[in-house]
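A.B. asks: Pasting a structure here, questions to come.
Any read-out appearing in this document is the output of simple, stated calculations on the displayed coordinates, not a laboratory observation. Keep in mind that this is a model prediction, so the values were computed, not measured. We place every Cβ from the backbone using ideal geometry, glycine too, and count neighbours over all the protein chains shown.
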């Protein structure tokens with residue numbers, strides 16, 4: 001089982017690296033948000049006495065890059081199970097759980113790589129890391145976000161038969177997860193409804209964890225962020241594995 005996971009993990013990475021256009025293209029939206037919002041709303045944020053907006057925004061944009069890339073890796077299972085390598089793999093005498101975990105880890109690895117690139121771009125844009133000693137924990141938060149949402153994408157893809165539902169998923173799941181995560185605005189003092197939604201949003205804990213480890217500012221607390229993310233990640237890996245086993249070939 002371990003060998004199967006390693007082979008599929010490596011295959012996913014090699015496949016993603018061959019698609020350099022997709023890697024570069026997927027950086028476009030995070031960089032646009034970082035530059036347009038960071039410098040556009042920066043003066044307003046500063047006048048409100050909240051400090052440097054780039055410092056606040058960058059962790060959210062890093063999480064955004066990981067979220068979008070992870071979901072794309074999970075959703076591409078729909079295409080693969082019909083036309084790609086996965087169709088042959090599913091009929092092989094190997095554990096489907098191992099197949100799912102291997103693909104998830106491969107997609108998550110590339111998503112973390114994407115997040116690190118966005119972090120470097122953020123630093124060029126003016127973001128400063130205040131807690132260098134916490135950087136390894138930042139990578140752990142990135143990995144948990146990546147695994148969580150790659151597994152979620154795989155679970156959803158296991159239920160869909162074609163790509164027609166993909167746009168609905170983007171509009172009604174991924175974008176709300178991002179906008180209601182505290183990535184773009186502080187969660188302190190928001191209306192009660194938004195506060196409740198943010199407490200139910202797993203990405204909010206990822207954004208808060210990355211922000212806390214990089215800048216020292218946290219809303220929930222780093223220990224809470226880590227515990228919640230770890231639990232939800234394990235839960236979604238289990239659900240994703242179960243639904244992946246049910247795929248018909």
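A.B. asks: Which of rounded, prolate, oblate describes segment 95-198, given a ≥ b ≥ c as roots of the alpha-carbon gyration tensor eigenvalues and a/c under 1.5 marking rounded, otherwise prolate only if a/b is larger than b/c? Working shown, then result.
C.D. replies: On the way: a/c = 2.11, a/b = 1.24, b/c = 1.71.
Here segment 95-198 falls in the oblate category.
A.B. asks: How high is the relative contact order of segment 167-219, in percent, counting Cα pairs under 8 Å that sit 6 or more residues apart?
C.D. replies: Relative CO of segment 167-219 lands at 35 percent.
A.B. asks: Assuming R0 = 35 Å, can you tell me the calculated FRET efficiency for the pair residue 200 and residue 36, based on Cβ-Cβ distance, to the nearest 0.05? Don't jump to the answer; show the numbers that get you there.
C.D. replies: Details: r = 28 Å, r/R0 = 0.81.
For R0 = 35 Å, the calculated efficiency reads 0.80.
A.B. asks: At 7 Å along the Cα-to-beta-carbon direction for both residue 223 and residue 123, put a label point, then send me their distance in nm to one decimal.
C.D. replies: The answer from the label model is 3.0 nm.
A.B. asks: A further question follows. Using r as the Cβ-Cβ distance of residue 234 and residue 131, and R0 as 35 Å, what FRET efficiency do you calculate, to the nearest 0.05? List each step's numbers first, then the result.
C.D. replies: Details: r = 26 Å, r/R0 = 0.76.
Efficiency for this residue pair is about 0.85.
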